[in-house]
Amino acid sequence: MDDDNQPDSIVTIKGPTETYTITSPKTPVTRELFLDFLAEIRSIAGPDAVSEYDRGYAITIRDGQPFIVIHRGSGDMANIKIMTARSDYHAVYTFRAAAWYMKLDVKHDGTSLRLPKNPHLILPFLLVKSAEFLAIMESSVYNLAFIATSNRHQPHAYYLKHRQTNEIVIANPGLLDFYLKHGIYEANDEFAYKVADNPADFVLKLDAGLIPEIFYEYFGRSQKIINQSQFPLHNIKRKVFFTPYVYELDAPNDNLNRLSGGGMLADKVRPGETLDASIRRVLREELKVSGDYIGAIVEPSVSFDRDRENKLTPHLTLHVYLRQTDLNDNDRKSAQRGWSSLTKDKD
């Protein structure tokens, strides 16, 4: 966006700009919520960073340019509009961190894409890449879509969008470095693998924790179950209990809805089953959900219970994500009511 198109400008931002819209997924953005948002920005940027004008506020980060924050609308139509210099990483990180803390949604107006909740996952124009990097992308079938940065704001994972299919892939950082060093690009099966169907699907999965950030962790392997516990899930040959928390990944409404009673639903991996088969069985038999699930996460900690023979048995906690389900109203109400432990499976 050029300077001439800056809406309701209260200060001048030099050069190209970007605009963002912040909304609340559950309640209108009232004046009170807007002022709470500004207070959160002050807690990050410092009390002297915020200046009030007739039509909004300007926030200055360090020695950089200010960015503009304006409250617009009323009732259910209210939102927060933000304008920054195009590549002002620190400005965007500041207001996205405030939004993350307050559980607000941030949309990039230029792409109409809701951004990931984690402010360390950024759009590529915030980290200006070299001409060599852009040339490598031009020689490939991909465009740079997202960059995952560390707490020190250094990139550590690159996600690319296929120009024909819109699929999102994770790039191999070692091969990317090699291509940049030698100024070449060669198609290679080890350069990237798919992690999401499209950018919106990527954001939903990332917010749920279903997107890998380390290339080789899931290269050549199924990403369906993200195992944060390091418990050996391949070829399970002993009794393993698990407690699933089930969620609906609601793409049309762009949020996550709690679906199950969580900790009161328990089962075990039965003889001859994989964990994947066990999850699908529980969804089918206990929740009356047909079809498959998108993905699951195994929590890092592994607890232990005693089975009926008093043997200590590992117990995994899972978070399972579905597309929109075909539950009818009665089934959905039953799913939300909760269960007693399935003692028939504690043997």
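Things to note:
- Length gained when the stretch L127-K288 is fully extended (0.36 nm per residue, less Cα-Cα span): 53.3 nm
- Segment 152-203 shape via C-alpha gyration tensor axes, a/c threshold 1.5: oblate
- Working ranking of peptides 267-279, 180-192, 88-100, 236-248 by packing, defined as the average number of other Cβ atoms within 10 Å per residue, highest first, is 88-100, 236-248, 267-279, 180-192.
- Using θ = phi - 60° in the Karplus curve 6.51 cos²θ - 1.76 cosθ + 1.60, the 3J(HN,Hα) couplings for segment 224-241 round to 5, 10, 8, 9, 7, 8, 6, 5, x, 8, 6, 6, 5, 10, 9, 6, 9, 7 Hz; x is entered for Gly and Pro.
- Span from the segment 78-93 Cα centroid across to the segment 105-175 one, whole angstrom: 18 Å
- Projected-area mean, segment 143-258, by convex hull of Cα positions, square nanometres: 9.8 nm²
- Other residues lying with their Cβ under 12 Å from the Cβ of T21 contribute a combined charge of +1, Lys and Arg counting +1, Asp and Glu -1.
- Amide H to amide H, with H built 1.01 Å from N, L322 comes under 5 Å of Y247, E248, L249, I294, counting only residues 5 or more places away or on other chains.
- Partner lysines for K311 [C-alpha distance under 18 Å; skip if fewer than 8 residues away on the same chain]: K237, K239, K268, K344, K346
- Close amide H partners of L316, meaning residues 5 or more places away or on another chain with modelled amide H under 5 Å apart, are F241, F242, T243.
- Shape call, segment 6-129: gyration tensor on alpha carbons, a/c limit 1.5: rounded
- Nearest-0.05 FRET efficiency for F304 and D76, computed from C-beta distance (R0 51 Å): 0.55
- Gyration tensor verdict on segment 263-324 (Cα atoms; rounded if a/c is under 1.5, prolate if a/b is larger than b/c, oblate otherwise): prolate
None of the figures in this text is laboratory data; all of them are computed from the coordinates on show. Small disclaimer: the values here were computed from a predicted structure and weren't measured. Neighbour counts are summed over all protein chains in view; Cβ atoms, including those assigned to glycine, are modelled from backbone coordinates with ideal geometry.
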